[in-house]
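Presented below is the structure to which this report refers.
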Amino acid sequence: MITDKTAGIDPIVLEGQEKLAQSEDDFVGGFSPVGDFKKKSLNSLVKVTRKLQPLFGLKADYPLFETDETHLPVEFTRMLMMTKQAIDDAVAADVVDETNLFELEDVVDDTSLQLLSGKLNNVVKNKSFKKWMDSPVVDDREVPFEEAPVQEPTDAPAVVNPTDVLPEQSIDELFQGRI
């Protein structure tokens with residue numbers, strides 16, 4: 001489907017983008033919780049998630065569920081995965097308590113949805129978490145770049161002393177094998 005945004009983009013590129021998006025959705029869908037979820041519990045989780053969305057620079061506009069569900073939609077799972085990663089990082093940075101950690105595979109019914117809603121509600125009320133989310137990301141894994149010393153090329157062949165590479169006994173054995 002060509003829109004104003006995609007006009008002028010090579011159709012092969014568009015097709016590749018669509019395939020990539022589908023692959024990503026399939027991957028995220030593999031993490032989607034599956035169970036018996038009632039509309040009320042789902043919407044409770046949506047309301048808490050909406051409070052978290054602005055912390056990620058997102059509009060708090062995820063729609064409420066209109067029916068009971070047996071699995072969470074990919075887009076909602078993606079939001080929960082993003083939130084989970086932020087909470088994991090915040091726990092590692094000692095910003096929030098580890099009791100707020102959660103695993104998506106533990107979400108299997110209304111009780112686990114309510115438990116997750118409670119954990120997310122604790123996090124959304126935590127002023128330290130909000131401040132931490134507003135602070136710039138510092139990547140302490142960065143390694144300073146050091147240039148390797150440059151050796152000038154020479155026309156002379158490299159000379160290697162065989163005894164530096166192989167012990168003398170190995171050299172003798174090598175020559176014995178040739179005789």
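So for the range 4-22 (the condition being among the charged types (D, E, K, R) and at pLDDT 90 or above), does at least one residue qualify? Give the derivation first.
Taking the range 4-22 first, the residues among the charged types (D, E, K, R) are 4-5, 10, 15, 18-19.
From what is left, the residues that are at pLDDT 90 or above are none.
Within the range 4-22 (the criterion being among the charged types (D, E, K, R) and at pLDDT 90 or above), the answer is no, since none of the residues qualifies.
Suppose the filter is out of contact with any Ser or Thr (no Cβ under 6 Å at 6 or more places or on another chain), surrounded by fewer than 18 Cβ atoms within 10 Å (Cβ to Cβ) and touching a residue at least 60 places away in the same chain (Cβ under 8 Å); does Asp109 pass it? Spelling it out, Asp109 is indeed out of contact with any Ser or Thr (no Cβ under 6 Å at 6 or more places or on another chain), surrounded by fewer than 18 Cβ atoms within 10 Å (Cβ to Cβ) and touching a residue at least 60 places away in the same chain (Cβ under 8 Å).
Per the conditions (1) surrounded by fewer than 18 Cβ atoms within 10 Å (Cβ to Cβ); (2) closer than 15 Å to Val34 by Cα; (3) in contact (Cβ under 8 Å) with a residue 24 or more places away in the chain; (4) under 20 Å from the mean Cα position of the chain (by Cα), the sole criterion not satisfied by Leu72 is (1).
Cβ-Cβ distances below 6 Å connect the following pairs, each with a first residue in the range 52-65 that is surrounded by 11 or more Cβ atoms within 10 Å (Cβ to Cβ), a second residue that is part of a loop (DSSP other than H, G, I, E, B), and a separation of six or more residues or different chains: Gln53/Ala60; Pro54/Ala60.
The values are calculated or read from the model by the stated rules, or taken from the named source; none is laboratory data. Nothing here was measured: the structure is a model prediction, and the numbers come from that model. Heads up, the Cβs are rebuilt from the backbone with ideal geometry, glycines too, and the neighbour counts pull from every protein chain shown.
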